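To keep things clear, I will list the structure first and then write my remarks on it.
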Amino acid sequence: MPAELFARQPRHRPCAYVFIANLPHLAEAYGQDFASSASREIQRRLCANFLRSAETDLARLRDDCFLLWANDAFATGTVRAGASVSRELETLLSELGAEPVRAKGITAMAQLHADWIEVRPPEQLGAAEIELTLWTAQPFPDSGESRADGWRQRYRADMDVAVRVSEAVLAEGLSFGWQPVVHAGGIATIFYREGRPRIAPGRGEPASLAPEVFLPCLQRLGLARAFDRLVMRRAMEALRLRPSAHIGVRISAQSAKLDHWWASLLSALDDEYALASRLVIEIAGSGGLADLEAARDFCAQLQLRGCRIALRDFGAGGDNLAAVQACRPDIVKLDASFLRRARSGAFGRECLQGMVSLCGHFATHVVVDGVEREDDVHIALAAGAQWLQGYSVRGSEPQSHAEASAARGQQVDCP
């Protein structure tokens, strides 16, 4: 191709796409007018925080998809399409989604997805390239999603909780209760302390929100990653302030993948190996891991940096064996239901003993969770327990009503 002809060819420029993954859900739950308002609000935030010129650096492909080219307000750094983590995209996602969207008397959260792509400048985009970009930007649908009766009411109830969590975080209303994991043979020996996030009561609200209430809501909405990132950052701060502390942090199975939400965490762990060795990352709902290969890579990368991986609620359901094989955890925490059943008779105690023995083949450390009274300690010891956790363990903070209901195996609904 002659040099002058090559020079006239449209050149591709690196840019980020931003996709509003839950825009169809917002339209179905609240109406198309609100969904359109949510789209315009995300565009406004892009223009206000990441743009110098909307004419040359931004393209709105559809209500749910935007392209943002590198400019003075948004540096792409070293862009690699398909790269698993990017600090620039982490900042983009966290700032765009930090606050709820408010319009027409409705308040809701946007679920955002972003990645790098190389396309022609806005004025040169053709229809075929736009269609290809939209196909690339749209994340895979959640295979577990369903539209059962009452979906709209459940979605709105979950979203009300998600908004309350977001507003509490912005108002410094997120706190932690600490529950120790102790040695079964000597309760004074503490393995680590699990941080349990709590949301302070808002105006006119009688009680705080326990994780048993709000975490399932965030997971159903696909909003757990942003919250897990925040909790992990708070845990890192706590470890820096307490050089001798060992801390455990619970994350959703949805978050167990290397993506842009974890860019700053991975960078910090690379720089602070001594801190990483005091951090335990507990994966909740591991039986529901949608992408075992992604979870394997996530756990391996964190373990290489010195962190320990724990699988929570083992035996509660789902394909726990596949999760163990993929994650290769350092710690397995038995679901509290095994200890509750062990109180009722010999069969329950045999099941607990069998599970403790089985889990000992999967991980170096096995934790029996759900210690709620003195008898539980003796039952767990008789089953061969190595480590114990629960509200009756010395040093645990009192449980809330929601936590007590969950401990009894009762359904905890969003308010």
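Each reported figure results from applying straightforward, stated rules to the coordinates on display, with no laboratory input. Given the structure is predicted, the values throughout are model-derived calculations rather than measurements. For neighbour counting, all protein chains shown are included, and Cβ atoms are generated from backbone atoms with ideal geometry for every residue, glycine included.
For the range 11-137, take every pair of Cα atoms, bin their distances at 10 Å starting from 0, and report each bin as a whole percent.
13, 46, 33, 8, 0
Whole-Hz ³J(HN,Hα) for each residue in the range 102-117, computed from phi via Karplus 6.51 cos²θ - 1.76 cosθ + 1.60 with θ = phi - 60°, x for glycine and proline: what do you get?
My calculation for the range 102-117 gives 10, 6, 6, x, 10, 10, 8, 9, 8, 9, 10, 9, 8, 6, 8, 7 Hz in order.
Summing Lys, Arg as +1 and Asp, Glu as -1, what charge do residues with Cβ under 11 Å from the Cβ of residue 36 carry, residue 36 excluded?
Numbers: positive: 40, 104; negative: 33, 41, 63, 64.
Every neighbour counted, the sum reads -2.
How do 104, 333 rank when sorted from fewest to most other Cβ atoms within 10 Å of their own Cβ? Display every interim value, and only then the final one.
Values: 104 11, 333 29.
So the ranking, lowest neighbour count to highest, is 104, 333.
If the only charges are +1 at each Lys and Arg Cβ and -1 at each Asp and Glu Cβ, what is the size of the charge dipole of the range 218-361 around the Cα centre, to the nearest 20 debye?
Numbers: 20 positive and 15 negative charges, 113 e Å.
With Lys and Arg at +1 and Asp and Glu at -1, about 540 debye.
Can you give me the distance in nm between label points at residue 346 and residue 28, each placed 7 Å from the Cα along the Cα-to-Cβ direction?
Roughly 5.2 nm, to one decimal.
Answer rounded, prolate or oblate for the range 151-407, using the Cα gyration tensor with square roots of eigenvalues a ≥ b ≥ c: rounded when a/c is under 1.5, else prolate when a/b is larger than b/c, else oblate. It would help to have the intermediate numbers written out before the result.
Working: a/c = 1.42, a/b = 1.20, b/c = 1.18.
Note, shape of the range 151-407 comes out rounded.
How large is ³J(HN,Hα), in whole Hz, for each residue of the range 303-315 in order, when computed from phi with the Karplus curve 6.51 cos²θ - 1.76 cosθ + 1.60 and θ = phi - 60°, using x for Gly and Pro?
Taking θ as phi minus 60°, the curve returns 5, 4, 8, x, 6, 9, 10, 10, 9, 8, 6, 5, x Hz for the range 303-315.
I'd like the orientation of helix 32-50 relative to the chain: the angle between its Cα long axis and the longest Cα principal axis, in ° from 0 to 90, rounded to 10.
80
Quote the charge dipole size of the range 151-407 about the Cα centre in Debye, to the nearest 20; the model charges only the Cβ of Lys and Arg (+1) and of Asp and Glu (-1).
Details: 30 positive and 29 negative charges, 41 e Å.
It works out to roughly 200 debye.
Could you give the length gained by full extension between residue 175 and residue 266, i.e. 0.36 nm per residue of separation minus their alpha carbon distance, to one decimal place?
Details: separation 91, 0.36 × 91 = 32.76 nm, distance 2.36 nm.
Here the answer is 30.4 nm.
With both partners inside the chain, how many of the DSSP beta bridges are antiparallel, as a percent to the nearest 5?
Looking only at bridges with both residues in the chain, the antiparallel portion is about 60 percent.
Near residue 304, within a Cβ-to-Cβ distance under 13 Å, what is the net charge of the other residues, with Lys and Arg +1 and Asp and Glu -1?
Working: positive: 296, 305, 308, 328; negative: 270, 297, 330.
Around residue 304, the surrounding residues sum to +1.
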